[in-house]
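Here the structure comes first, spelled out in structure tokens, and everything after it is commentary.
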Amino acid sequence: MTCPFLEYRSEANDRQFDESRAYCGAAERFVQPMRADICNDRYELSHDQHCEIYLEHADEAPTGNENTGHAAGDDA
């Protein structure tokens with residue numbers, strides 16, 4: 001399961017990117033690709049156990065399938 005705070009954005013502040021970038025809605029900032037690996041539960045990592053940002057904001061997490069980010073296998 002992907003972190004409910006993870007989104008992939010192709011633009012920010014009137015600037016467009018060639019590739020979509022990982023954006024953390026809880027931290028309200030773009031995150032590094034290695035952090036996005038945690039968000040996407042890759043490499044035996046789990047966002048609900050290994051991400052301090054998620055753990056700080058878990059009570060605010062949307063429920064269900066409200067995540068607007070791509071699934072772990074998507075081209076992002």
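Below are the figures for this structure:
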read-out: Residue 10-residue 32 pseudo-label distance in nm [points 7 Å out on the Cα-to-Cβ vector]; value: 2.7
read-out: Per-residue Cβ neighbour rank within 10 angstrom, fewest leading, 54, 23, 8, 43; value: 43, 8, 23, 54
read-out: Dipole magnitude of the stretch 6-60, debye to nearest 20 (Cβ charges: Lys/Arg +1, Asp/Glu -1, about Cα centre); value: 220
read-out: Distant-in-sequence amide H partners of residue 6 (H built 1.01 Å from N, under 5 Å); value: 25
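Every number here is computed from the coordinates shown, using simple stated rules; none is lab data. What you are looking at is a predicted structure, and each value in this text was computed from that prediction instead of being measured. As a convention, Cβ positions derive from the backbone with ideal geometry for all residues, glycine included, and neighbour counts pool all protein chains shown.
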